[in-house]
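Note sheet for the following structure.
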Amino acid sequence: MSTKDFIEKDFYKVLGVPKDATEAEIKKAYRKLAREFHPDANKGNAKAEERFKEISEANDVLGDPKKRKEYDEARALFGNGGFRPGPGAGGGNFNFDLGDLFGGGAQGGAGSAGGFGGGIGDVFGGLFNRGGAGTGTRTQPRRGQDIDTEVTLSFTEAVDGATVPLRMTSQAPCKACSGTGDANGTPRVCPTCVGTGQVARGSGGGFSLTDPCPDCKGRGLIAENPCEICHGSGRAKSSRTMQVRIPAGVSDSQRIRLRGKGAPGERGGPAGDLYVTVHVDAHPVFGRKGDNLTVTVPVTFAEAALGGEVRVPTLGGPPVTLKLPPGTPNGRTMRARGKGAVRKDGTRGDLLVTVEVAVPTDVSGKARDALEAYREATAGEDPRAELFQAAKGA
């Protein structure tokens, strides 16, 4: 995300929440919008995909208390993308260079922004990987890349949670040159950005914005003798296997964020995040609706008509017995409490049991005689009478 985007985008508006929204309200709004605009639910819809990216970007900032604080401070300082001078700023001809504010930019000069000095650049440090004022020629730490991966779980693993091995390939500091990019391990500071990795870009309106330095690609360093392995980038592909804990109750297509489990940072910078998209295999007996599990149980005509007790299987536990009331219709759903999927608070949802009256395909002997007697005894009843009456009156 560029400095300009960070200042000008209204992430609260993107998520549809007020500026004083609680963390819970932000999380709830994000989940609702993410479900609505997720690419899996809008295949081939470019607008939905772009909207999903905006939502994810907004949640990445507002969902992190530290980043949200930095964002609020930046918005308060710049307003809707433009610097708001104080009472003594001199009105419309006030010139302000964001390069100064972010620690000197291409000029390398700190503390020249009308007396702001050091410290204000720290507001943006965590988001743009830059230090505060007074950095001089010191190169800055860089955050590692985020990694996207996928995992397939069995139905039971998704309900109960599981620890799974994930083999990942990502960019990491090159071992051949110790991450310097230089074969001799002695890169020089980039003269264009003076080691900051950023250069100022005029945008009109009396102030400047910053972009990654085009000469060093944002590293702040240039290799005189580029490493043959990483070609001077200081980064090379690295494979590793991690044991990742997938929480209980995860649903199919859910995307989980694991902070700090992504690619390693550069020059002491923090690691990126790992995003795991979970796929869940179907179960031959059980289904799922949110935190509840579902199962269809066949019953005989006699059990449905006269009532009785029915044993019902549960996922990974002993069977439960449900009391079937007399006259239970086909398709009726009953509830076995606490036998469903694990919720985030550790409690369990319910098992929803749907009754399906089983009709025998071969009836003979005493059973056939009994059914013939039953048909004669109920010959005057017409279960379709109301159906025809309703159809006639419609």
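The values are calculated or read from the model by the stated rules, or taken from the named source; none is laboratory data. Source: prediction; values computed, not measured. Note: ideal-geometry Cβ built from the backbone for every residue, glycine included; neighbour counts use all protein chains shown. All accessible areas refer to the heavy atoms of the entire protein, side chains included, with ligands and DNA or RNA removed. Shrake-Rupley method; radii C 1.70, N 1.55, O 1.52, S 1.80 Å.
What to note about this one:
- Selection from the range 318-333 of residues that are part of a strand (DSSP E or B) and open to solvent by 30 Å² or more (accessible area, probe 1.4 Å): Thr321, Lys323, Thr333
- Residues of the range 376-394 satisfying the condition of being under 59 Å from the mean Cα position of the chain (by Cα), open to solvent by 90 Å² or more (accessible area, probe 1.4 Å) and of a type outside the set (Gly, Ala, Ser): Glu381, Pro383, Arg384, Glu386, Leu387, Phe388, Gln389, Lys392
- Strands (runs of 3 or more DSSP E) wholly inside the range 156-261 containing at least 1 residues that are among the basic types (Lys, Arg): 162-173, 198-202, 235-246, 255-258
- Selection from the range 326-346 of residues that are in contact (Cβ under 8 Å) with a residue 40 or more places away in the chain and out of contact with any helix residue (DSSP H, G or I) (no Cβ under 9 Å at 6 or more places or on another chain): Lys339, Arg343, Lys344
- All conditions but one from (1) over 25 Å from Arg219 (Cβ atoms); (2) modelled with pLDDT under 80; (3) surrounded by 16 or more Cβ atoms within 10 Å (Cβ to Cβ) apply to Gly115; the one that does not is (3).
- Taken as a whole, the condition of being within 30 Å of Ile147 (Cβ to Cβ), open to solvent by 30 Å² or more (accessible area, probe 1.4 Å) and more than 22 Å from the chain's Cα centre (by Cα) applies to Ser239.
- In the condition set (1) β-branched (Val, Ile, Thr); (2) outside any strand (DSSP E or B); (3) surrounded by 17 or more Cβ atoms within 10 Å (Cβ to Cβ), Val310 is compliant with all but (2).
- Candidate set from the range 250-287 (those that are of a type in the set (A, V, I, L, M) and free of Cβ contacts under 8 Å to residues at least 60 places away in the same chain); member that is least open to solvent (accessible area, probe 1.4 Å): Ile256
- The criterion of being farther than 30 Å from Ile246 by Cβ and either among the β-branched types (Val, Ile, Thr) or modelled with pLDDT of 85 or more (or both) does not hold for Val159.
- Single unsatisfied condition, Leu315 versus (1) open to solvent by less than 50 Å² (accessible area, probe 1.4 Å); (2) among the hydrophobic types (A, V, I, L, M, F, W, C); (3) assigned to a helix (DSSP H, G or I): (3)
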